[in-house]
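Beneath this line is the structure, given in structure tokens, with notes to follow.
Read the figures in this text as sums done on the coordinates, not as results from a lab. Note that the structure is a prediction, hence the values are computed from the model and not measured. All Cβ positions, glycine included, derive from the backbone under ideal geometry; neighbour counts span all protein chains shown.
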Amino acid sequence: MIFQNTREFAKNLDQQDPLSGFRNQFHIPTLDGKKQIYLCGNSLGLQPKTVQNAVNQELEDWAKLGVEGHFKGKNPWMYYHHFLTEKAAKVVGAKPIEVVIMNNLTANLHLMMVSFYRPTPKRYKIIMEGNAFPSDQYAMESQAKFHGFEPNEAIVELFPREGEHTLRTEDILAAIALHKNELAIVMMGGVNYLTGQAFDMKAITEATHAAGAVAGFDLAHAAGNLHLELHHWNVDFAVWCSYKYLNSGPGGTSGVFVHERHANNPNLPRFAGWWGHDEKSRFLMKKGFIPMEGAAGWQLSNAQIFPMAIHNASLDIFVAAGIENLRKKSELLTAYLEFILSQFKEHLTIITPSNAKDRGCQLSIIVKENGKKLFDYLEDNQIMPDWREPNVIRMSPVPLYNQFEEVYLIGQALDNYFKN
Ligand SMILES: *Cc1c(COP(=O)(O)O)cnc(C)c1O
């Protein structure tokens, strides 16, 4: 498509957008009485309007039924996690048996590492992307130490080539091959939080398996953003949070994927809890852990009803919109933002890859001079990107609630800023 930098062109794209109606299902924040152009869906997604009733339903059942809500509630709490599994599996391209919703992201990452990082004196290395989200860095560092390894020796961080901002797939695959005799696990993001680069999870998984190691992904910035095919890509495990692109509220619950081929592997060690125990005998309260089949066997505790009620309502929107449709719009919306930003080439650089398959919706920008000042200017003008130290502005137009016209207006604001 040949883009134009006019309001009419942008409005026309909004009119032709089959998903444009979904915006009405969200609360759009305001500043000084004006609706914001919200570009932080990569950080905290907006609130679906259906969430309030979903939470109220559970509050009411608790008020009216007390403990009986576990069985007599409208959505019996006893089975609550089941209500989310199929929908979440659709969003990440998995079979229901491969997915469970529980806990928070970093906790789940550790639980997965307990099962899938089984280092030996010969095979102990962890490959991850350099500049990974800090929680992932701390998790990998503490896992290496927990097993008695020096993090500096055990963890191989991959950095872009000199003068480049993102990793080349060929370099990732070469590093996997290079370390193959000592490699235990590759644990990467699906999309890097800072650069917005999407990694080729299929190719990385293949190369990792060829090296005799395990492939795990942190999909915090990929779930609800990319069109994922975790089952077909043969990924061993993945974890994600629900509060970024999945719009499920601050500190919301998290998702876990464990590939079907590990579903009944009795040799996988794990940290167990009662909710992972076989449902049929869970309440016999007997000694001896018998795991549920599949990802559900990693559950520790009974379901967190309120964050899950929110997530359940939000997942309904993803199922209704369809992840393929969302991705199609997302590619166009982000390409339009790229086009608008390219009008200001002399002032800013986009460090996110230009190819749609190498990115999600986010574009990361480095401003040549005083990026923080531009960021503050945008905020004062109802445009909400986010700022990541030391010098990156991230903008994430989200296909569920952002519009092409908003992208056009970002260009108008930049024009004003750079003119003065
Ligand atoms: C957002 C994010 C986290 C945050 O983890 P929580 O446990 O949910 O606080 C971790 N890792 C990555 C890659 C993230 O993007």
Any idea which residue in the range 227-270 is nearest to the ligand (Cβ to nearest atom), counting only those that are surrounded by 22 or more Cβ atoms within 10 Å (Cβ to Cβ) and charged (D, E, K, R)? K244
Out of R123, R161, report the one residue that is away from the ligand (no atom under 14 Å from the Cβ), touching a residue at least 24 places away in the same chain (Cβ under 8 Å) and more than 21 Å from the chain's Cα centre (by Cα). R123
Hey, any hits in the range 308-318 for a residue that's out of contact with any Cys (no Cβ under 8 Å at 6 or more places or on another chain) and not in a helix (DSSP H, G or I)? no
Is it the case that some residue within the range 175-186 is free of Cβ contacts under 8 Å to residues at least 60 places away in the same chain, surrounded by 22 or more Cβ atoms within 10 Å (Cβ to Cβ) and assigned to a loop (DSSP other than H, G, I, E, B)? no
Residues of the range 1-58 classified as part of a loop (DSSP other than H, G, I, E, B) and without any contact (Cβ under 8 Å) to a residue 60 or more places away in the chain, total: 5
Please specify each residue of the range 358-392 satisfying the condition of being in a strand (DSSP E or B) and touching a residue at least 24 places away in the same chain (Cβ under 8 Å). R359, L363, S364, I365, I366, V367, I383, M384, D386, R388, V392
